Amino acid sequence: MAGKEWGRRVKAYRKLKGYTQVQFARKLGVSVSVIGEVERGTRMLSDELLRQITDVLEISAQELAPEQDKHKYRHPKTDVHV
């Protein structure tokens, strides 16, 4: 699930919601370096981290997913945002 496109989308939504990397990291309970790695696409998103990110950003996994991965999150059972 890692990739530059995922990272670009996390960064874009983070900024859209008005969070700095430091604020976002604190909300997620992770280090700023983890956020930087996610946004650069060098860290794989675990299902748990993806769920936390979508919860904090108040969006669904399908909304966050790059176009090529949206199909993975179309069904409520596979969408980690509840």
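The values are calculated or read from the model by the stated rules, or taken from the named source; none is laboratory data. Everything numeric in this text was worked out from a predicted model, so none of it was measured. Glycine also receives a Cβ, built like all others from the backbone with ideal geometry; neighbour counts cover every protein chain displayed.
Can you name every residue in segment 1-52 that is hydroxyl-bearing (Ser, Thr, Tyr) and closer than 17 Å to Glu67 by Cβ? Show your work before the answer.
Our first condition is that a residue be hydroxyl-bearing (Ser, Thr, Tyr); within segment 1-52, this holds for 13, 19-20, 31, 33, 42, 46.
Answer for segment 1-52, where residues must be hydroxyl-bearing (Ser, Thr, Tyr) and closer than 17 Å to Glu67 by Cβ: just Tyr13.
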Can you name the residue in segment 14-33 that is out of contact with any helix residue (DSSP H, G or I) (no Cβ under 7 Å at 6 or more places or on another chain) and among the β-branched types (Val, Ile, Thr) and, of all such residues, is surrounded by the fewest Cβ atoms within 10 Å (Cβ to Cβ)? Thr20
Would you confirm whether any residue within segment 47-67 is at pLDDT 95 or above, surrounded by fewer than 13 Cβ atoms within 10 Å (Cβ to Cβ) and not in a helix (DSSP H, G or I)? yes
Hey, can you tell me all the residues within segment 1-46 that are of a type in the set (A, V, I, L, M) and outside any loop (DSSP other than H, G, I, E, B)? Val10, Ala12, Leu16, Val22, Ala25, Leu28, Val32, Val34, Ile35, Val38
Could you list, in sequence order, the residues of segment 13-33 that are in contact (Cβ under 8 Å) with a residue 12 or more places away in the chain and of a type in the set (A, V, I, L, M)? Leu28, Val30
